[in-house]
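Okay, here's the structure, questions in a sec.
The values are calculated or read from the model by the stated rules, or taken from the named source; none is laboratory data. Model, not experiment: these values are computed from the prediction. Reconstructed Cβ throughout: ideal geometry from the backbone, glycine too, with neighbour counts over all protein chains shown.
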Amino acid sequence: MLLAIAATEIEMNPFRALCRHSGDRLTELVSGVGLLESAVRLSRFLEKHHMNISSVVNFGVGGAYIRDSSAGPVAVLDICLASREILGDYGVCRGLTVEPFGDPALSGPTSFYLDETLLARAQKLLGAHHLDFHCGSFVTVNGASGSSARGASLRDRHDAICENMEGGAIARVCEDFALPLLQVRVISNLVEDRPGSPWRLHEACEKAARVAALLVREITER
């Protein structure tokens with residue numbers, strides 16, 4: 001059985017509507033917003049049900065880092081796949097920068113690579129459906145970045161394409177339970193100086209649900 005996770009009902013509801021006939025091949029979890037809530041809820045769920053779960057798909061919205069590179073910018077409503085999740089603000093904050101703790105006793109894992117097999121299948125499937133996407137490192141933050149300078153700092157430090165508030169915690173828990181994880185986000189906003197451009201939250205939620213449903217059907221039918 002595949003476990004689909006989204007942070008909020010706003011993200012999960014359109015996915016439920018698309019996957020209502022999936023039967024016993026699929027179960028779902030609303031994790032709550034942020035690292036703490038998602039880690040607690042997912043850990044509690046998997047303690048009871050992990051023997052029945054074969055893989056995990058985490059989907060939802062994210063904020064894109066503004067970049068000018070050969071790979072092209074990530075724009076609002078673009079699809080992004082995570083190759084790695086990084087805990088972006090774990091350490092010592094000095095202005096816009098975050099430095100790792102100097103004492104190894106204070107440092108835990110802060111970077112998590114996602115399942116390569118699921119990622120490759122997702123890339124192939126999106127390509128087959130002529131859906132453009134970006135693939136790269138995601139940054140998980142405790143608080144959404146509210147300035148372009150902070151976004152640029154996290155982008156450059158981690159060579160990242162976007163940020164979210166749950167992915168790193170979900171990746172850590174899945175690692176503990178030895179479960180393969182795929183993460184897909186659709187961009188709802190750019191990381192820029194607030195207030196900035198209006199967020200396209202509901203459109204991004206709807207698109208993330210459609211993309212996740214497409215990927216979940218492919219994974220569960222094989």
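Quick test for you: out of 144, 178, 160, pick the one residue that is more than 21 Å from residue 191 (Cα to Cα), small (Gly, Ala, Ser) and out of contact with any helix residue (DSSP H, G or I) (no Cβ under 6 Å at 6 or more places or on another chain). Give the steps one after another, and end with the answer.
Details: 144 fails: more than 21 Å from residue 191 (Cα to Cα); 160 fails: more than 21 Å from residue 191 (Cα to Cα).
Step by step, each of 144, 178, 160 is checked, and only 178 is more than 21 Å from residue 191 (Cα to Cα), small (Gly, Ala, Ser) and out of contact with any helix residue (DSSP H, G or I) (no Cβ under 6 Å at 6 or more places or on another chain).
Only one of these is modelled with pLDDT of 90 or more and of a type in the set (Ser, Thr, Tyr): 197, 145. Name it.
Details: 197 fails: modelled with pLDDT of 90 or more.
It is 145.
Taking residue 106 as meeting all but one of (1) surrounded by 12 or more Cβ atoms within 10 Å (Cβ to Cβ); (2) aliphatic (A, V, I, L, M); (3) under 21 Å from residue 169 (Cβ atoms), write down the number of the exception.
Looking at each condition in turn, residue 106 falls short on (1).
Continuing with this model, one more query. Please go through segment 16-66 and pick out each residue that is polar (S, T, N, Q) and in contact with a helix residue (DSSP H, G or I) (Cβ under 8 Å, 6 or more places away or on another chain).
Going through segment 16-66, the residues polar (S, T, N, Q) turn out to be 22, 27, 31, 38, 43, 52, 54-55, 58.
Passing the criteria: 22, 27, 31, 38, 43, 55, 58.
Given 84, 41, 94, 20, which one is free of Cβ contacts under 8 Å to residues at least 24 places away in the same chain, surrounded by 12 or more Cβ atoms within 10 Å (Cβ to Cβ) and basic (Lys, Arg)?
On the way: 84 fails: free of Cβ contacts under 8 Å to residues at least 24 places away in the same chain; 94 fails: surrounded by 12 or more Cβ atoms within 10 Å (Cβ to Cβ); 20 fails: surrounded by 12 or more Cβ atoms within 10 Å (Cβ to Cβ).
So the residue among 84, 41, 94, 20 that is free of Cβ contacts under 8 Å to residues at least 24 places away in the same chain, surrounded by 12 or more Cβ atoms within 10 Å (Cβ to Cβ) and basic (Lys, Arg) is 41.
Inside segment 176-206, can you point out the residues that are loosely packed, with under 15 Cβ neighbours inside 10 Å and either touching a Pro at 6+ places or on another chain (Cβ under 6 Å) or in a helix (DSSP H, G or I) (or both)?
176, 201, 202, 203
Ok, one more. Being touching a helix residue (DSSP H, G or I) at 6+ places or on another chain (Cβ under 7 Å) and either surrounded by fewer than 16 Cβ atoms within 10 Å (Cβ to Cβ) or free of Cβ contacts under 8 Å to residues at least 24 places away in the same chain (or both) is the filter here; which residues of segment 1-15 pass it?
The one that is touching a helix residue (DSSP H, G or I) at 6+ places or on another chain (Cβ under 7 Å) and either surrounded by fewer than 16 Cβ atoms within 10 Å (Cβ to Cβ) or free of Cβ contacts under 8 Å to residues at least 24 places away in the same chain (or both): 1.
Let me ask another. Out of 149, 209, report the one residue that is over 18 Å from residue 42 (Cα atoms) and crowded, with 16+ Cβ neighbours inside 10 Å.
Numbers: 149 fails: crowded, with 16+ Cβ neighbours inside 10 Å.
Exactly one of 149, 209 is over 18 Å from residue 42 (Cα atoms) and crowded, with 16+ Cβ neighbours inside 10 Å, namely 209.
Something else: Among the listed residues 17, 4, identify the single one that is small (Gly, Ala, Ser) and either under 17 Å from residue 143 (Cβ atoms) or touching a Phe, Trp or Tyr at 6+ places or on another chain (Cβ under 7 Å) (or both). Break it down stepwise before answering.
Working: 17 fails: either under 17 Å from residue 143 (Cβ atoms) or touching a Phe, Trp or Tyr at 6+ places or on another chain (Cβ under 7 Å) (or both).
Of 17, 4, the one residue that is small (Gly, Ala, Ser) and either under 17 Å from residue 143 (Cβ atoms) or touching a Phe, Trp or Tyr at 6+ places or on another chain (Cβ under 7 Å) (or both) is 4.
Go through 119, 114, 131 for me and flag whichever is closer than 30 Å to residue 213 by Cβ, surrounded by 19 or more Cβ atoms within 10 Å (Cβ to Cβ) and out of contact with any Asp or Glu (no Cβ under 9 Å at 6 or more places or on another chain).
Details: 114 fails: out of contact with any Asp or Glu (no Cβ under 9 Å at 6 or more places or on another chain); 131 fails: surrounded by 19 or more Cβ atoms within 10 Å (Cβ to Cβ).
Within the list 119, 114, 131, the selection yields 119.
Looking at 5, 66, which is the one that is β-branched (Val, Ile, Thr) and modelled with pLDDT of 95 or more? Outline the logic, then answer.
Details: 66 fails: modelled with pLDDT of 95 or more.
After ruling out the rest, the residue left standing is 5.
While we're here: Please enumerate the residues belonging to segment 103-158 that are of a type in the set (Ser, Thr, Tyr), touching a Pro at 6+ places or on another chain (Cβ under 9 Å) and assigned to a helix (DSSP H, G or I). Step through it out loud before you land on a result.
Step one: of segment 103-158, the residues of a type in the set (Ser, Thr, Tyr) are 107, 110-111, 113, 117, 137, 140, 145, 147-148, 153.
Within this subset, residues satisfying the condition of being touching a Pro at 6+ places or on another chain (Cβ under 9 Å) are 107, 110, 117.
117 - this is the single residue of segment 103-158 that is of a type in the set (Ser, Thr, Tyr), touching a Pro at 6+ places or on another chain (Cβ under 9 Å) and assigned to a helix (DSSP H, G or I).
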